[in-house]
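The values are calculated or read from the model by the stated rules, or taken from the named source; none is laboratory data. Fair warning: this is a prediction, and the values are worked out from it, not measured in the lab. Positions of Cβ are generated from backbone atoms using ideal geometry, with glycine treated the same way; all protein chains shown enter the neighbour counts. These area figures cover heavy atoms from the full protein model, side chains too; ligands, DNA and RNA do not enter into them. Shrake-Rupley method; radii C 1.70, N 1.55, O 1.52, S 1.80 Å.
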Amino acid sequence: MLKRDWRRGGIGCGFGTIKKGLIMIDGVKVKNLKVIVDERGKLMEILRSDEQIFLKFGQVYMTTAKPQAVKAWHHHKKQTDSFTCVYGKIKLVLYDARHSSKTYKEINEFILSLEEPKLVQIPPEVLHGFKAQGDVEAIVINTPTFPYNKESPDEYRLDAYENNIPYDWRK
């Protein structure tokens, strides 16, 4: 099992870029985003319904993480998540715990920020979490494929540190 790092250039993979020779977790897609800047401010399209990466609309929500805070681990049985960071910087980490997956036990790391703008799409049953980097509160936008159902949430959690995932958030 190897840790995979998609922070910088590399070869094209349909959505985004990866370092040469590294394996993306099966079903994960990365879309490089473009920030348009003018004298009035910034604009960034995150997800459009006419793109191949778009699956289905459930809802859009914002979550934040204070500097160095970890929000991990969780997964969904039905829902696909699509994360981007619009303020600050996060390290998004994915772990493939799907026994039937060809990328079982793979770990992927992504750095998301306005300086490195990406949309990362996470398929069902892939464990994921993120850690705010730097000294500002990070703002993350998620566009999941299903709305949150508080009576029967499609959300399954593990402790960030006490688990069987071979990843250390303290590093």
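Can you spot a residue in the range 150-168 that is of a type in the set (Phe, Trp, Tyr), open to solvent by less than 50 Å² (accessible area, probe 1.4 Å), assigned to a loop (DSSP other than H, G, I, E, B) and touching a strand residue (DSSP E or B) at 6+ places or on another chain (Cβ under 7 Å)? Before you say what the answer is, go through the steps one by one.
Looking only at the range 150-168, we keep the residues that are of a type in the set (Phe, Trp, Tyr), and these are 156, 161, 167.
Applying the additional criterion that residues be open to solvent by less than 50 Å² (accessible area, probe 1.4 Å) yields 167.
Next, from what is left, pick out any that are assigned to a loop (DSSP other than H, G, I, E, B): 167.
Checking which are touching a strand residue (DSSP E or B) at 6+ places or on another chain (Cβ under 7 Å) leaves us with 167.
Yes: the range 150-168 contains one or more residues that are of a type in the set (Phe, Trp, Tyr), open to solvent by less than 50 Å² (accessible area, probe 1.4 Å), assigned to a loop (DSSP other than H, G, I, E, B) and touching a strand residue (DSSP E or B) at 6+ places or on another chain (Cβ under 7 Å).
All of (1) open to solvent by less than 20 Å² (accessible area, probe 1.4 Å); (2) in a strand (DSSP E or B) hold for Thr63 with one exception: (1). The condition (being over 13 Å from the mean Cα position of the chain (by Cα) and either within 28 Å of Val35 (Cα to Cα) or open to solvent by 40 Å² or more (accessible area, probe 1.4 Å) (or both)) is satisfied by just one residue among Lys118, Lys105, Lys131, Lys89: Lys105. Restricting attention to the range 105-131, the residues being more than 16 Å from Trp73 (Cβ to Cβ) and not acidic (Asp, Glu) number 8. Determine whether Leu92 is in contact with a Ser or Thr (Cβ under 9 Å, 6 or more places away or on another chain), in contact (Cβ under 8 Å) with a residue 24 or more places away in the chain and assigned to a strand (DSSP E or B). So Leu92 does not fit the description; no. Within the range 110-139, residues that are closer than 17 Å to Asp81 by Cβ reach partners that are among the acidic types (Asp, Glu) and open to solvent by 40 Å² or more (accessible area, probe 1.4 Å) with beta carbons closer than 8 Å, at six or more positions or on different chains, in the pairs Pro123/Asp26. When restricted to residues that are open to solvent by 90 Å² or more (accessible area, probe 1.4 Å), in contact (Cβ under 8 Å) with a residue 60 or more places away in the chain and either small (Gly, Ala, Ser) or closer than 18 Å to Val126 by Cβ (or both), the range 34-55 contains 1. Being closer than 16 Å to Val140 by Cβ and in a loop (DSSP other than H, G, I, E, B) holds for only one residue in Gln68, Gln52, and it is Gln68.
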